[in-house]
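Taking it in order: structure first as structure tokens, then the write-up.
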Amino acid sequence: MNKEEKYRLLTEQIRSLVEGEKDVVAVMANVAAAIHETMGFFWTGFYRVIGKELVLGPFQGPVACMHIPLGKGVCGAAWQRKETIVVPDVEQFPGHIACSSLSRSEIVVPLLSKEGEVTAVLDIDSKELATFDDTDRRYLETICSIFESL
């Protein structure tokens, strides 16, 4: 099965999995697990906006940074810009926060409220360079749009 087919099935699975659920943290936990299991990424998880920082939320993978300021690292930059950031080589990203030296590429997708404010970010890391592309961006943005209705 190619990447697009995996994402198509994953998106359907996630929609069914979270249908009717209103607890955002519970949804984040199952979404992180579903993405991680299906796609086999190194680290898959959420950081929630709490005050003026991102705070670690539900995730799958090794231990992670617990607090990230606005504008710092890939997660903080995606929050500040309110847009998805794809990083083919994390060592080339100015100010990258190395929670794990094994992480080589990354994608961060902001979760937006109905009002257009960032409420959290989905952060996914890979041990390989240039893992993420436009297919990942499109499908992960679709998956993150599910949170708008919670």
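The values are calculated or read from the model by the stated rules, or taken from the named source; none is laboratory data. Worth saying up front: this structure is predicted, and the values here are computed from it rather than measured. Cβ: placed from backbone, ideal geometry, glycine included. Neighbour counts: every protein chain shown. Side chains included, ligands, DNA and RNA excluded: accessible areas come from the protein's heavy atoms. Shrake-Rupley method; radii C 1.70, N 1.55, O 1.52, S 1.80 Å.
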Exercise for review: With 5 Å bins from zero, work out the P(r) of the range 1-139 over every alpha carbon pair and list the percent per bin.
Suggested key: 2, 10, 20, 25, 22, 13, 6, 1, 0
Revision key, fill the gap. Farthest towards the positive end of the dipole of the range 26-137, among Val121, Gln92, Ile35 and with Cβ unit charges of +1 on Lys and Arg and -1 on Asp and Glu, lies the Cα of Val121
Check your understanding: Build a GNM of the chain with springs between Cα atoms under 10 Å: which of Asp136, Asp123, Asp23 gets the top mean-square fluctuation?
Key -> Asp23
Exercise for review: Mind checking the range 54-150 for trypsin sites (Lys or Arg not before Pro) that DSSP puts in a loop (not H, G, I, E or B) and that have at most 15 other Cβ atoms within 10 Å?
Suggested key: Lys82, Lys114, Lys127
Check your understanding: Say a paramagnetic label sat at a point 7 Å from the Cα of Glu37, along Cα to Cβ; which residues of the range 133-150 have their backbone N under 13 Å from it?
Key -> none
Review point. FRET efficiency for Gln80 and Glu148, Cβ-Cβ distance as r, R0 = 22 Å, nearest 0.05?
Key: 0.65
Exercise for review: Specify whether the C-alpha gyration tensor of the range 30-105 places it in the rounded, prolate or oblate class, a ≥ b ≥ c being the square roots of the eigenvalues: rounded for a/c under 1.5, otherwise prolate if a/b is larger than b/c and oblate if not.
Suggested key: oblate
Check your understanding: Given a 1.4 Å probe, how much area per residue of the chain is accessible, in Å²?
Key -> 51 Å²
Exercise for review: Can you send over the carbon and sulfur percentage of the accessible area for the chain, probe radius 1.4 Å, protein chains only?
Suggested key: 50 percent
Practice item. Report, in debye and to the nearest 20, how large the dipole of the chain comes out about its Cα centre when Lys and Arg carry +1 and Asp and Glu carry -1 on their Cβ. Key: 240 debye
Exercise for review: Note down the nm distance, to one decimal, between modelled labels 7 Å out along Cα→Cβ at Met66 and at Lys114.
Suggested key: 3.4 nm
